[in-house]
Amino acid sequence: MASVRLQKFLADAGVASRRAAERLIAGGSVSVNGRTVTELGTKVDPDQDQVVVDGRTIRSRKKLYVAVNKPPGFLCSRTDPEERRVVGELLPPEWAQLYTVGRLDRDSEGLIFLTNDGDFCLKLTHPRYGVRK
């Protein structure tokens, strides 16, 4: 695997958002191969480097891609303050961290992707990539 910026690696591993990862790095909470790293933009090789945050070794998270036939009555959201049904209820509990790629209306039904891969989601949903819906 190619080297990636440390804050992106931490975000992809589920440690924190990129901004929060930057604060962890700047605050001296992150070490790479036994050395404390405080410089933003430091690159790591996820397959070779040992990354530790506050004493806990961080490993790359496996990317998941799930296709679901969303039935009517479910929201394309992780949670709902009004406690309506959400598409995540159709998945096993260990996949609770997945989020939808795009949205379908609550009353719509059809194919929806769920993933933990932000790059995949961006490439399917951002207009600059020209992917038709």
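The values are calculated or read from the model by the stated rules, or taken from the named source; none is laboratory data. Note that the structure is predicted; figures quoted are calculated from it, not measured. Here the Cβ is made from the backbone with ideal geometry for all residues, glycine too, and neighbour counts use every protein chain on show.
Is it fair to say residue 24 is more than 22 Å from residue 115 (Cβ to Cβ), out of contact with any His (no Cβ under 7 Å at 6 or more places or on another chain) and part of a helix (DSSP H, G or I)? Give the derivation first.
Values: more than 22 Å from residue 115 (Cβ to Cβ): yes; out of contact with any His (no Cβ under 7 Å at 6 or more places or on another chain): yes; part of a helix (DSSP H, G or I): yes.
Judged against the criteria, residue 24 is a match.
Could you check, for region 60-79, whether at least one of its residues is modelled with pLDDT under 95, out of contact with any strand residue (DSSP E or B) (no Cβ under 9 Å at 6 or more places or on another chain), among the aliphatic types (A, V, I, L, M) and under 30 Å from residue 8 (Cβ atoms)?
The answer is no; no qualifying residue exists.
Among the residues of region 35-57 satisfying the criterion of being on the phi > 0 side of the Ramachandran plot and out of contact with any strand residue (DSSP E or B) (no Cβ under 8 Å at 6 or more places or on another chain), which is surrounded by the fewest Cβ atoms within 10 Å (Cβ to Cβ)? Before you say what the answer is, go through the steps one by one.
In the first step, residues of region 35-57 are kept if they are on the phi > 0 side of the Ramachandran plot; the result is 41, 54-55.
With out of contact with any strand residue (DSSP E or B) (no Cβ under 8 Å at 6 or more places or on another chain) added as a condition, the list becomes 54-55.
Working: 54: 11, 55: 7.
The residue in question is 55.
Taking only pairs six or more apart or across chains, which ones have beta-carbon atoms under 7 Å, a first residue in region 15-33 that is free of Cβ contacts under 8 Å to residues at least 12 places away in the same chain, and a second residue that is of a type outside the set (A, V, I, L, M) and assigned to a helix (DSSP H, G or I)?
18/7; 18/8
Might you let me know whether region 105-121 holds any residue that is crowded, with 16+ Cβ neighbours inside 10 Å, charged (D, E, K, R) and closer than 21 Å to residue 16 by Cα?
Filtering region 105-121 for residues crowded, with 16+ Cβ neighbours inside 10 Å gives 106, 112-117, 121.
After this cut, where a residue has to be charged (D, E, K, R) as well, the list is 106, 117.
Next, from what is left, pick out any that are closer than 21 Å to residue 16 by Cα: 117.
Yes - at least one qualifying residue is present in region 105-121.
Please verify whether residue 11 is part of a loop (DSSP other than H, G, I, E, B) and either of a type in the set (S, T, N, Q) or more than 30 Å from residue 108 (Cα to Cα) (or both), treating the condition exactly as stated. Write out each step before concluding.
Details: part of a loop (DSSP other than H, G, I, E, B): no; either of a type in the set (S, T, N, Q) or more than 30 Å from residue 108 (Cα to Cα) (or both): yes.
Criteria not met by residue 11.
State yes or no: is residue 129 of a type in the set (Ser, Thr, Tyr) and touching a residue at least 12 places away in the same chain (Cβ under 8 Å)? Talk me through it step by step, then tell me what you get.
Numbers: of a type in the set (Ser, Thr, Tyr): yes; touching a residue at least 12 places away in the same chain (Cβ under 8 Å): no.
For residue 129, the condition - of a type in the set (Ser, Thr, Tyr) and touching a residue at least 12 places away in the same chain (Cβ under 8 Å) - is not met.
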